[in-house]
Structure formats: structure tokens, C-alpha cells
């Protein structure tokens, strides 16, 4: 977000395939990011370009997962309140993802000075940034830290979800394979 804020786009275009959403099996994603997280990310993007955000559905393999994520994103675009998705501490942060994000930050900070204020992309980023900031800066920093943590973990726990049974599990077949051929 810091680079996007400095760049100041006129519009934000998102290629929304939702492969990381819960419901896609490992070969197709398997990251288990909740639909609410996609809605929250959409809400964060709406701080850019005067809220002019376009989501183009590019595909996906699980119709229920696509519908859930799309609904959450459309709700965010309509200005509906998106549930807080970072109520618990993010667990199982992938060290390789954190390392990759840190390398990107270091390389890009040569071209984008706004990244130099970010000391690292570790989960403690929130604590580091909240030191001497105004309330609006602290909120923006918290959102950035939450986004980085979500990207690094690529998993968000869903509380209160029903246990998976044969009736509630999603089909492993491609949706198009279920349709008859003309």
C-alpha cells in the first residue's frame, strides 16, 4: 500500500481469481484465505484512487468459494462494513514468505523511499510502527501490518464454521466438467 499511495493511481484494476480462498484444493490454491479477508483487502484498496476500484472476475475453480469471496468484495465496494478478519494473532507465518516480502521491501526501497520507514515485514511491524504516529497514521499502519501478516501467512482461521462432512464438502471436480456438452 505505501507504494500505491505514493504512486496515486487514477483507478485500481484487480484481476480477481480468488484461487487463495478457502475451498480451493492445494493444486489450485489451498491457502485458506477467508472470503472476509478478500472483502477487507478490497476495502483497503478503496483508499486509493478516490475509491475507484474495478474487480474483474478472472476465473476460479470452486463456485461456492468464488461466490463467497465475490459477495464479500461487492459488499466492500458498496460501502458495507466488512467484519474484522484479524481478531486473533496470525499463526503459522511462512518464513519463506516473510523473507521474500522483506527482500522485495529492501530492493523496492531504493526506488520508493516510502518503504524505508518500514523497518521489516515481521509480525511485530504493528508494534514498531505505532510508536510516534497520529491516530490516522496508526490506523493506516495497522492496516498495512495486518495485510502483510495475512499475505505472509496466507491463512485466516474461520471461527464457528461447520465441520466438514460429505454433505458440506465441496466438489473436487471442475465446475465446467459437471455441465453437459452440447
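Take the residues in segment 3-34 that are surrounded by 15 or more Cβ atoms within 10 Å (Cβ to Cβ) and modelled with pLDDT of 90 or more, then tell me which one is farthest from residue 49 (Cα to Cα).
Going through the qualifying residues, I end up with 16.
Please count how many residues of segment 59-99 are at pLDDT below 90 and either under 21 Å from residue 49 (Cα atoms) or part of a helix (DSSP H, G or I) (or both).
Number of matching residues: 11.
Hey, can you tell me all the residues within segment 59-84 that are at positive phi and surrounded by 14 or more Cβ atoms within 10 Å (Cβ to Cβ)?
60
Could you tell me how many of the residues in segment 29-58 are part of a helix (DSSP H, G or I) and on the phi > 0 side of the Ramachandran plot?
Qualifying residue count for the region: 3.
The values are calculated or read from the model by the stated rules, or taken from the named source; none is laboratory data. Predicted model, so just to flag it, every value in this text is computed and none were measured. Don't worry about glycine lacking a Cβ; one is built from the backbone with ideal geometry, like all the others, and counts go over all protein chains shown.
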